[in-house]
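*Asks:* Below is a structure I'd like to ask you about.
Derivation of every value follows stated rules applied to the coordinates shown; laboratory data play no part. Being a predicted model, the structure only gives us computed values, none of them experimental. Cβ placement follows ideal geometry from the backbone for every residue including glycine, while neighbour counts extend to all protein chains displayed.
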There are 2 protein chains.
Amino acid sequence: MARTQGSHSDITGPRIREAALRLFAQHGYAAVSMRQIAKEVGVQAGALYNYTPDKQSLLFSLMSSHMEELQAAWDSVPRAAYAMDRLRAFTGFHIRFHLERPDAVFIAYMELRNLTEENFTVIESLRRVYENGVEGILKEGVEQGVFSIPDTKIATLAVIAMLNGVNTWYRSEGRLSLDEVERVYWGMVQKAVSA
Amino acid sequence: MARTQGSHSDITGPRIREAALRLFAQHGYAAVSMRQIAKEVGVQAGALYNYTPDKQSLLFSLMSSHMEELQAAWDSVPRAAYAMDRLRAFTGFHIRFHLERPDAVFIAYMELRNLTEENFTVIESLRRVYENGVEGILKEGVEQGVFSIPDTKIATLAVIAMLNGVNTWYRSEGRLSLDEVERVYWGMVQKAVSA
DNA sequence: ACAATAACTGAACAGATGTTCAGAAAAAAG
DNA sequence: CTTTTTTCTGAACATCTGTTCAGTTATTGT
């Protein structure tokens, strides 16, 4: 056998990425073999190498795509005039964006140690850009006198860590709706940073 | 060769656990081989099986020890009368305890997916006991009228997630002292839950 | 209709994996 | 000193690892 019926690059490529994303999130990068990914796609392991130079590149590509989509999505959110409104917008955006892609989020946080040094540097700088955006809001709020924050860097990380926590427990069939979750978290974030 | 000079069970045992803890935290459970752990201890791979029935048990043992130490340590903290004081005590305790064992904390959160189903259940229930302790404080604070919290379960997870974030950035040589970190976080926690 | 190309197979590579176990050496017990 | 027990070695096991590549087939272009 060789090329199979209905085999197309523009179909197999995304399917490989989807399978890898799901498997990496479920079992961890190191625990997933190329053969497992291939099997999920319905293809032999060798075929994967038409779409990625190696396993490490596949992981890196998934992570950097996620980080770039995150940044692009946040950049496209209309920028409110007041820091308080911007922070509320961010809270809602961050929660929703992350709940829509639990696997990618999981990988982006858990598989950092499995990146090569140079790949790690790239992902880290993408993350820092995102964090700096949040810190900018907090700093502005402090200048405008609406926020009281002893250390904006720590507060940034604290807010993000708190919001990321949603992914560990939220289930769409659960007790609370997305709107309710957003409201509850916004209440805590707002109080935590307010003057 | 066989038994080597100065070989003792009560020395090798802990050394294996320490090496495994460090390596699992650094590279991940799946990425670390028994031979790597053995090499770190200065022993052949086969010798590890005098101390653990298998690799999975080693991971589980490390995680359950950590969770039990955590609970025991928190139980030994004097229980203040008012919820506000209890929450402050918890904030300080949690930050310090976790910063003292970054590797164990890392593993306890990241390697859950590498546990067998039954082992996972055990660890999860230990975690729930700890979380329930925190929720108890929040509930009491609400009853006493000092806290305003729409959902104590979410608030519990949010507070813990926020505090856990410290481990991702704190360095002892860094800009802030432990006392300062504790103060900053307590400020945010207090405001977030206060009425 | 044929030629060119893209997509894939299947086998092979050298090495690593968790785990077992007979035997050897050091330590402890008598 | 002799025996017993504890601790460890070193080899072996079957299987899995990421990756390469010649060859084969389906699709596309002419």
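*Asks:* Is the protein assembly as shown best put as rounded, prolate or oblate by its Cα gyration tensor, with a ≥ b ≥ c the root eigenvalues, rounded for a/c under 1.5, and otherwise prolate when a/b is larger than b/c, oblate when not?
*Replies:* Values: a/c = 1.97, a/b = 1.17, b/c = 1.68.
Oblate.
*Asks:* What does the helix-only formula give at 222 nm for chain B: each DSSP H stretch with n ≥ 4 adding -39500 (n - 2.57), the total divided by the residues, and the result rounded to the nearest 500 deg cm²/dmol? Write down the numbers at each step before the final one.
*Replies:* On the way: 9 runs with 135 residues, N = 195.
It comes out at -22500 deg cm²/dmol, rounded to the nearest 500.
*Asks:* Now a separate question. Can you give the extra length, in nm with one decimal, that the chain gains between B:E68 and B:I11 once fully stretched, where that is 0.36 nm per residue apart less the Cα-Cα distance?
*Replies:* Numbers: separation 57, 0.36 × 57 = 20.52 nm, distance 2.22 nm.
Roughly 18.3 nm would be gained on extension.
*Asks:* Using the structure shown, list the pairs from A:K139/A:K191; A:K55/B:K39; A:K153/B:K153; A:K139/B:K139 with a Cα-Cα distance above 22 Å, or answer none. Don't skip to the answer; put the middle values down first.
*Replies:* On the way: A:K139/A:K191 16 Å; A:K55/B:K39 27 Å; A:K153/B:K153 27 Å; A:K139/B:K139 33 Å.
Beyond 22 Å: A:K55/B:K39; A:K153/B:K153; A:K139/B:K139.
*Asks:* Students often check this: by mean Cβ neighbours within 10 Å, which of A:42-51, A:22-31 ranks highest, and how do the rest follow?
*Replies:* Numbers: A:42-51: 14.6, A:22-31: 18.9.
Per-residue Cβ counts within 10 Å, averaged per peptide and sorted highest first, yield A:22-31, A:42-51.
*Asks:* How many partner chain Cβ atoms sit within 10 Å of a residue's Cβ in peptide A:147-156, on average, as a whole number?
*Replies:* On the way: counts 0, 2, 3, 6, 9, 0, 3, 12, 4, 0.
Average neighbour count from other chains, rounded to a whole number: 4.
*Asks:* While we're here: Hey, fewest Cβ within 10 Å first, where do A:Y170, B:Y82 land in order?
*Replies:* Values: A:Y170 18, B:Y82 13.
Exposure proxy ranking, most exposed first: B:Y82, A:Y170.
*Asks:* So how do B:187-194, A:83-90 stack up, highest first, on mean other-Cβ count within 10 Å? Working shown, then result.
*Replies:* Details: B:187-194: 20.9, A:83-90: 19.1.
Ranked from most to least packed, the peptides come out as B:187-194, A:83-90.
*Asks:* Right, another one. Once both labels are modelled 7 Å past Cα along the beta-carbon direction, what's the A:A2-B:R113 spacing in nm?
*Replies:* Distance between the two pseudo-spin positions: 3.8 nm.
*Asks:* Can you list, shortest first in nanometers, how far A:S148 lies from the same residue in the other copies, with each label 7 Å from Cα toward Cβ?
*Replies:* Ordered by increasing distance: 1.5 nm.
*Asks:* Turning to a different aspect of this structure: Relative contact order, percent, of the stretch A:1-82 when contacts are C-alpha pairs under 8 Å separated by at least 6 residues? Before the final figure, lay out the partial values.
*Replies:* Details: 32 pairs, mean separation 18.4, N = 82.
Contact order relative to length: 22 percent.
*Asks:* Return the distance in nm (one decimal) between the two label points of a simple spin-label model at B:Q36 and B:K153, each offset 7 Å from Cα along Cα→Cβ.
*Replies:* 3.8 nm
*Asks:* Once you have a ≥ b ≥ c as the square roots of the Cα gyration tensor eigenvalues for the stretch B:1-52, tell me rounded if a/c is under 1.5, and otherwise prolate or oblate according to whether a/b is larger than b/c.
*Replies:* On the way: a/c = 2.40, a/b = 1.81, b/c = 1.32.
In terms of gyration-tensor shape, prolate.
*Asks:* OK, next. Can you name the helices of chain A, as whole DSSP H runs, whose Cα span along the helix axis is 27 Å or more and whose Kyte-Doolittle mean is not below -0.5? Spell out each step's value before the answer.
*Replies:* Values: long enough: A:55-75 (30 Å, -0.16); A:117-143 (37 Å, -0.45).
Going by DSSP H runs, the hits are A:55-75, A:117-143.
*Asks:* If you take each beta carbon of peptide B:20-29 and count the beta carbons of other chains within 10 angstrom, what is the mean? Display every interim value, and only then the final one.
*Replies:* Values: counts 0, 0, 0, 0, 0, 1, 1, 3, 8, 3.
Mean shielding by partner chains, rounded to a whole number: 2.
*Asks:* Take the alpha carbon gyration tensor of the stretch B:54-193, find the square roots of its eigenvalues, order them as a ≥ b ≥ c, and report rounded if a/c is under 1.5; if not, report prolate when a/b exceeds b/c, else oblate. Mind dumping the intermediate values first?
*Replies:* Working: a/c = 2.10, a/b = 1.38, b/c = 1.52.
Oblate, because a/c is 1.5 or more while a/b does not exceed b/c.
*Asks:* What ranking do A:127-136, A:9-18 get when scored by the average of other Cβ atoms within 10 Å per residue, highest first?
*Replies:* Working: A:127-136: 15.6, A:9-18: 13.9.
Answer by packing, highest mean first, reads A:127-136, A:9-18.
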